[in-house]
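One structure below.
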């Protein structure tokens, strides 16, 4: 159906009078943010859309004559039929539904050259708006590699708007794009497509209502009418102007009439749009050679195979953890020796006194206890970076989707949960892409159960105490580590299943996920990401961990015991010791004493503080040969209960690890959960259920182990 | 350095550390999210943006 003759596009007048505003829109993974960064450089401002936790990124670029142009980077979406809060923001800004963001003067649509047909669906919807549009066809290099020949001049003719080829990653095509953006006048699209006749009456009536009641310009009203008739429009976000009551009534009447017909007119409308797009792409996209499976398809046939896929995933994870133990051992010994030497040197050059003890038993022991795990953290993030940059991580998500669906989790929950292996904070924030609020909340509640990198030093310390012999095969240690990650993941799945059947009932929507082509890993990117993580770890050790170590030393050294008291007596009557004793009745059934209790209290701030606490507590206890600082593991292994029984038995080490798998010991994560859920109700619930689970699971492991004779 | 002077200095360091940690925990963050604590590059981006 061609545009009705009485409808004329609104002239882009305001754009000429003030700094023009471009909205950048595109599908996820089309290179939109790369292009935004390339266009605006560092001239960016990041804030939130009022009322929602969705980033509003605004930047400035310059026309060919040096005049500033405002660019808004809108969240990626496959269609204007929004399925998640961030997609709803894109839809609302483009339709002028947000009072906090004026409707952009012009729209820059980024499309992925390797997947033109799918990307054009959004472009097609945007052209309906009758705004000045530029289409940037990104990743042209990948399209050429894939054997695609894109006749962009034909695409330009079909769409009636400027079409610019580019490679945002390599800065190619940006000059042409800037030139197009600098044009004072842009042609308006003259595209036309056949809306089924049976639907056109509904479109016209709704369009008229939107024009008269909601005061929408004619073309925007038509585009919105088409959208409302195909969209469930279930996602409404704060700041979005609601429909006028009369318009909503007309919409409901048409939907009811269609429901009575028994014909899925909404699907018919979507299909007719796809038919129009297919007609365009058939003329524009030429494929060289055979159209059979490409290299990525062939690899995927094995990597996502129901049997081989799981074997490969298991092997990859095993290799990762074996590497963590085998490659990191030597540099860890170096770091340990260096900190021991530094402590010994300090002791040799300072007289007895509190400052010397603070430096050696507090600062050096506390910081050294955490920094020694740096090599293992480097290896972990190097492997994670490799897997991400090759494209394997998306396949792992694909493999897990079926499993997640069985426990009622949304397929989109996989990425937040995978991110939580590094840190629960980005994991919780990544849940913003999940459409249904209940699914999102379930994912937020279970994401911290995935073993984050802060648990790594705790696991490593306890595994070294569990298996102190150098002759223990590295596979055994790696196996225990993998087991902890598996226990956390199974726990997350169990609680997701439980919450979806009790507190937060609801069916998850089907997942749509894009599998990027396999590619050679960009070593520079992988190493940069790894070094960023390492620097963050060192910065944390040099600031927060150092501060906590100093404070812990004070709490373990004061109030002073009477003259002649042993170190054990000193720490026992210190502030830390008293707090540990206060907690001991609760944790004794788990096999933990007051000294471990001190660690449990302090590590509520962050899990890795447990290692620092053990360093401070047990170095303070170490009496023999004051010139030689004992490695923490050995100090822990000599620790005893008052009746002489060893404290860190293998069973206690396993129980402690289980406790840390489930316990919510991270203040920063709680703060982010509060921010994302809009209150303290859910973070408090999360802390309670995770701590209770940690206690119960530890109790079962310890008491069960004792019954079995361990 | 005499033991009493060492005690005085040690307690001063402890007080400074306590004040710094308390201030860090209590002062409201201007930005949302982790602020880069988790190893993401949020702090780096913010710093760069401030320079310009």
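Bear in mind that the values in this text are calculations on the coordinates, not laboratory data. The shown structure was predicted, so the numbers you read here are calculated from the model rather than taken from an experiment. Cβ sites come from the backbone with ideal geometry, for glycine too, and all protein chains shown count toward neighbours.
Quick look at the numbers
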| quantity | calculated |
| --- | --- |
| Nearest 10 degrees, 0 to 90: helix A:667-677 Cα axis against chain A principal axis | 30 degrees |
| Rg to Rh quotient for region A:385-473, alpha carbon positions, Kirkwood Rh | 1.09 |
| CD proxy at 222 nm, helix term only [per DSSP H run n ≥ 4: -39500 (n - 2.57); per residue of chain A; nearest 500] | -18000 deg cm²/dmol |
| Sequence of A:524, A:172 once ranked by neighbouring C-beta atoms within 10 Å, starting from the fewest | A:524, A:172 |
| Packing-based order for A:491-501, B:3-13, using average beta carbon neighbours within 10 Å, highest first | A:491-501, B:3-13 |
| More than 15 angstrom apart: percent of Cα pairs within region A:541-619 | 53 percent |
| Nearest-ten-degree value, helix A:609-621 long axis tilted from longest Cα axis of chain A | 10 degrees |
| Alpha-carbon centroid distance for the pair region A:243-269 / region A:658-692, whole angstrom | 43 Å |
| Per-peptide average of other Cβ atoms within 10 Å, ordering A:161-168, A:701-708, A:173-180, A:477-484 highest first | A:161-168, A:477-484, A:173-180, A:701-708 |
| Two-decimal Rg to Rh for region A:278-362 - Kirkwood Rh, Cα set | 1.52 |
| Reciprocal of mean inverse Cα separation for region A:316-386 (Kirkwood radius, Å) | 13.6 Å |
| At q = 0.06, 0.08 Å⁻¹, base-10 log of I(q)/I(0) for chain A (Debye sum, equal scatterers on each alpha carbon) | -0.45, -0.74 |
| Cα-based Kirkwood hydrodynamic radius, region A:546-699, one decimal, Å | 16.5 Å |
| Point-to-point label distance, residue B:20-residue A:281, nm (Cα→Cβ direction, 7 Å offset) | 5.7 nm |
| Chain A: angle of helix A:650-662 to the longest principal axis, Cα-based, in degrees nearest 10 | 30 degrees |
| Calculated P(r) tail over 18 Å for region A:160-232, as whole % of Cα pairs | 58 percent |
| Mean projection area, nm², convex hull over Cα of region A:651-710 | 3.9 nm² |
| Zero-based 5 Å bins, Cα pair distances in region A:562-606, whole percents | 6, 24, 27, 21, 13, 6, 3, 0 |
| Between region A:393-427 and region A:321-378, the Cα center-to-center distance that results, in Å | 36 Å |
